């Protein structure tokens, strides 16, 4: 009974139910239509990431996140880091796209994506500098004491906070963990590694500040009542800062390592555009050298035989 009660949402949201039901239906339908598009381990990554995000948004965990700062940081690590990270590693785009009816894709999905204003907005949001700035900026924004105080009191702002963290996490990790060359990927492998490394230091700085300061930055948790009375406010804050300082930053390190592995793989297979041009030029030079050396080598061999 306690296990089932855990899955009863603290604050039910029709938006969360509709979005997750649609994602589950699309992925399940796409997998049935094209079983070879996603091997079992990618399916496992997708379902695990989806479960983590759902747990952070629509279960009893939400109650504890509103009454303990370190639980709030665990919730946001799942929404902004772990859940989207696993989904991006599962590469569900092709599977979910095939879950859509062909008529819907051609009539309702493709035209808006090709519309000029939509393409311009996506180009801005998916620019590496903008993506990194939004990723770090949202962490700083929602942890700013005054903003955090208001977000924990206003349920509408609280939902905007959680939804924005989940949406930005999906956008950022999809951009960084893309395993394809550019194009069709938005960023080249080297830029993906650089962006993953660039967001580490800002997370370390704010996590270290929250962990080491002696001031209670978030008194809202004491005002509203704490879920665990035995944990002092400063200890709760320090644990939350450590979660942002170490595990969240390590996710970016792991992303950089994965991006570097993709870089090496693409380079070894000659799938990087720069390598393709160099190898084609080398092939042409070798062919030209063989044609120039052919008659001389033949004459030399004839002279020796004579």
- Item | Flag if residue 218 is in contact with a helix residue (DSSP H, G or I) (Cβ under 6 Å, 6 or more places away or on another chain), part of a loop (DSSP other than H, G, I, E, B) and closer than 23 Å to residue 62 by Cα | yes
- Message: Here is a check on your reading of the model: is residue 133 within 30 Å of residue 216 (Cα to Cα), in contact (Cβ under 8 Å) with a residue 40 or more places away in the chain and surrounded by 13 or more Cβ atoms within 10 Å (Cβ to Cβ)?
- Response: no
- Item | helices (runs of 4 or more DSSP H) contained in the range 50-148 and holding at least 3 residues at pLDDT 85 or above and more than 13 Å from the chain's Cα centre (by Cα) | 61-65, 69-77, 93-99, 116-125, 128-143
- Could you please tell me which pairs satisfy a Cβ distance under 9 Å, a separation of 6+ or placement on different chains, a first residue in the range 205-229 that is on the phi > 0 side of the Ramachandran plot and surrounded by fewer than 17 Cβ atoms within 10 Å (Cβ to Cβ), and a second residue that is in a loop (DSSP other than H, G, I, E, B) and modelled with pLDDT under 90? none
- Query: Residues 60, 29, 33: which one is touching a helix residue (DSSP H, G or I) at 6+ places or on another chain (Cβ under 6 Å), under 27 Å from residue 240 (Cα atoms) and either in contact (Cβ under 8 Å) with a residue 40 or more places away in the chain or surrounded by 20 or more Cβ atoms within 10 Å (Cβ to Cβ) (or both)?
  - Reply: 60
- Identity of the residue in the range 258-272, loosely packed, with under 12 Cβ neighbours inside 10 Å and part of a helix (DSSP H, G or I), that ends up modelled with the lowest pLDDT: 268
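The values are calculated or read from the model by the stated rules, or taken from the named source; none is laboratory data. From a predicted model like this one, the values you see are computed outputs, not experimental measurements. Every residue, glycine among them, receives a Cβ derived from its backbone with ideal geometry; neighbour counts consider all protein chains shown.
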